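This report concerns only the one structure given below.
The values are calculated or read from the model by the stated rules, or taken from the named source; none is laboratory data. Since the model is a prediction, treat every value here as computed from it, not as a measurement. Neighbour counts run over all protein chains shown; Cβ positions are idealised from the backbone, glycine included. The protein model used for the area step is the full one, side chains on, heavy atoms only, and it has no ligands, DNA or RNA in it. Shrake-Rupley method; radii C 1.70, N 1.55, O 1.52, S 1.80 Å.
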Amino acid sequence: MRRNSENNLMDLQKFYIGGAWVTPHSAREFPVLNPATEERIGTIILGDETDVNAAVAAAKEAFGSFSRTTREERIALLEKLLEISKDRREVLAQAMRAEMGAPISMARDAQADSGIGHLEGILEALKAQELRETLPNGDTLVREPIGVCGLITPWNWPVNQIALKVLPALATGCTCVLKPSEHTPMSAAVYAQMIHDAGYPAGVFNLIHGDGPTVGAGLSRHPDIDMMSFTGSTRAGIAVSKDAADTVKRVTLELGGKSPNLVFADADLEEKVTNSVLECMYNTGQSCDAPTRMLVEKSCYDQVLEIAKAAAEGQALGDPEQEGDHIGPMFDQIQFDRVQSMIQKGIDEGATLLAGGLGRPEGMDKGWYVRPTVFANVTNDMAIARQEIFGPVLVIIPFENEEDAIRIANDTPYGLAAYLQTGDPERAERVAARLRAGAVHINGGGFNYGSPFGGYKQSGNGREGGMLGLEDYQEVKTLHFG
């Protein structure tokens, strides 16, 4: 399957601008690597200022007419895109399997499925939204598309994040320029072709590849971009905000996390701790909302350590081409090296290595695979408890009581998600109300399409998905009648 999925994609060295695949102005090449084999599987062109200007100009020209389309017209286009998304789910899955090392079962059931689920959620919200309403004082409130949107998406959930940005732009009547991660261009190219085949007018959606300092900053600073939506590291999100400040454009950000997972002694420990460890390792730990800090009540601490150790040691790794619930490699050499350095830092800081550790798993001498790693006896001031590692690494921290657990959980610059395991429903509500996070997952509750996603503090601004996701792409106008 690899040969077909990797070689039959459209020319990755073209950009999609103004309704057509075009040759970029830039000629700067960038290799696309398969994380499982370390082999080069493609080449893209990193765009320059001229490419940015061409894409923005196409989006600006298209906005005049697309912003005046009716909701019914936009729903019809989205429903056609939904049909195509279902038809090309396997193509998207194989692209992400190749470019980021997502095991094919997970690539199909979660990564590619997100393009379908988020689209259904956006359609439901769009059909329900009141675009015009009368205020209690008699004035009329109208919601309108904000304008031309610059969208920057990451490599760890490529289609998920493209869908969460592109779809609300298309739904509200905005036009956009997408810069996907240069590491995951295949799925982005497939998605661009899907939009083209759905019949969107030329210039409504545009795709250019590039790096952050050139194309990312070029979009953020561009005077004809009305809004920037960025997902990635907090460091890069700050750069986008600063670049956008001079033109006073709207900026929405979905950034990093170091999500706490509070485990109380009254929880079903065997089930909840095992599932929590596997959730941390899911997507090879490369999820911004992964439960990477497990906070455990002291009265059950030793029992939890035994369960967590067994769960981590039972987490299989394997070839992304194979079906199954194993995890794959890190997405590139740089991230592999960073995770290794953080594991070493945890050892140097004096944390107890409960499972995993340095180096590749036994028998794996090719591919950027990391051993599922768990540290015990961690304190919340250690680097491994404060910095986002973005790999299959879990830290376990003891707490004395409920108040202590909440204090430790909130003692982080991030606030994307939190997790809570308890058999007491009243405690669940009480503790969840005090956790400073955009989402609280209680006793294994998962995210549902159509719900808002985003965080507090340095985890970002704004929300993606559902009704709130639409509102981020809209301006509000009031009409005062005489």
Beyond 24 Å (Cα-Cα) in this structure, taken from Lys258/Lys345; Lys127/Lys242; Lys242/Lys457; Lys127/Lys165; Lys258/Lys366, we find Lys127/Lys242; Lys258/Lys366
Rounding to the nearest 20 debye, state how big the charge dipole of the stretch 334-373 is about its Cα centre with +1 on each Lys and Arg Cβ and -1 on each Asp and Glu Cβ. 120
Positive-end residue, the chain charge dipole about Cα centroid, Cβ charges, pick of Tyr282, Ile152, Met382: Ile152
If every Lys and Arg gets +1 and every Asp and Glu gets -1 at its Cβ, then about the Cα centre the stretch 299-396 yields a dipole, in debye to the nearest 20, of 260
Of Val339, Ala265, Val248, which is farthest on the positive side of the dipole of the chain, counting Cα position, with +1 on Lys and Arg Cβ, -1 on Asp and Glu Cβ, and the Cα centre as origin? Val248
Quick one: which residues, 5+ away or cross-chain, put their amide H under 5 Å from the amide H of Ile327? H built at 1.01 Å from N. Ala316, Leu317, Gly318
Any chance you could give the angle, 0 to 90 degrees and rounded to 10, that helix 301-313 forms with the longest Cα principal axis of the chain? 60
Accessible-area composition of the stretch 349-408, carbon plus sulfur, in percent [1.4 Å probe]: 46
If every Lys and Arg gets +1 and every Asp and Glu gets -1 at its Cβ, then about the Cα centre the chain yields a dipole, in debye to the nearest 20, of 980
Roll a 1.4 Å probe over the protein chains and send me the accessible area per residue for the chain in Å². 39
